[in-house]
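Inspection log for the structure reproduced underneath, given as structure tokens.
The values are calculated or read from the model by the stated rules, or taken from the named source; none is laboratory data. Quick caveat: nothing in here was measured; it's all calculated off a predicted structure. Ideal geometry is used to build each Cβ from the backbone, glycine not excepted, and the neighbour counts take in all protein chains shown.
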Amino acid sequence: MKKAIFLLLVLTGIIPTACVCPEDPSGPYLLHLNQVFPVSETYIGRPLVAGKVYRIAPNEAYTEDTLLLELSFDYQFAQNNSDFALYASALALSCPQYHNYEQLKDKITDITVTSNTAFNGVPPGEPLNSKVVAFEEDFDAPLPLGQAIVRINSISGNEFMMSELGMFALTEKPAVAQERTFTITVAYESGKEDVMESFPITW
């Protein structure tokens, strides 16, 4: 069966006749925010402990002074990557691939963090950015959101994945604990916006 599939691919010109793995896909990429997770500040206290859960559970009461928000992104090549999809499906068993996401094509212009309830004088739905910092590698060296955006736009996607730039920290504890959700809005040069809300926690 495998020989028949390989012969069909050869005859249709999808892959070369030599049994050689294609080059790893490479090129500019696009981001899409798909989830936001509240994370305990104990995540900052590295090294991480195997088996320890750092993400806060839905509706959990959280009492620490700092709350982390973990942004989870999808990465996609900016060009038509149908060839990559064909290679992945036809050669996955024999050709492991490394995806080289070179630079972000649709640059980020703004990232906004809001709460659905009042937060220490900030009305619901208004930006909390002045209370938010980001990190790259060293949790002892926080970055303003604007500086974090500059870094994300300038490094490769692979560097972004290996960094902590998708981890934001609210460093000011709410004066009044109540159930709340946080919304992250990521705006891009193209006019596209990714808007994602966390599940509720009490903080």
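Being among the acidic types (Asp, Glu) and either modelled with pLDDT under 90 or in contact with a Pro (Cβ under 6 Å, 6 or more places away or on another chain) (or both) is the requirement here; does GLU137 meet it?
yes
What number of residues within region 134-187 are surrounded by 15 or more Cβ atoms within 10 Å (Cβ to Cβ) and either among the hydrophobic types (A, V, I, L, M, F, W, C) or touching a strand residue (DSSP E or B) at 6+ places or on another chain (Cβ under 6 Å) (or both)?
The number of residues fulfilling the criteria is 30.
Yes/no matrix, rows are residues, columns are (1) touching a helix residue (DSSP H, G or I) at 6+ places or on another chain (Cβ under 8 Å); (2) among the aromatic types (Phe, Trp, Tyr); (3) on the phi > 0 side of the Ramachandran plot:
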| site | (1), (2), (3) |
| --- | --- |
| PHE139 | yes, yes, no |
| LEU143 | yes, no, no |
| THR181 | no, no, no |
| ILE201 | no, no, no |
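Condition check: assigned to a strand (DSSP E or B), at pLDDT below 95 and closer than 30 Å to PHE135 by Cβ. Does GLY51 satisfy that?
No; evaluated as a whole, the condition is false for this residue.
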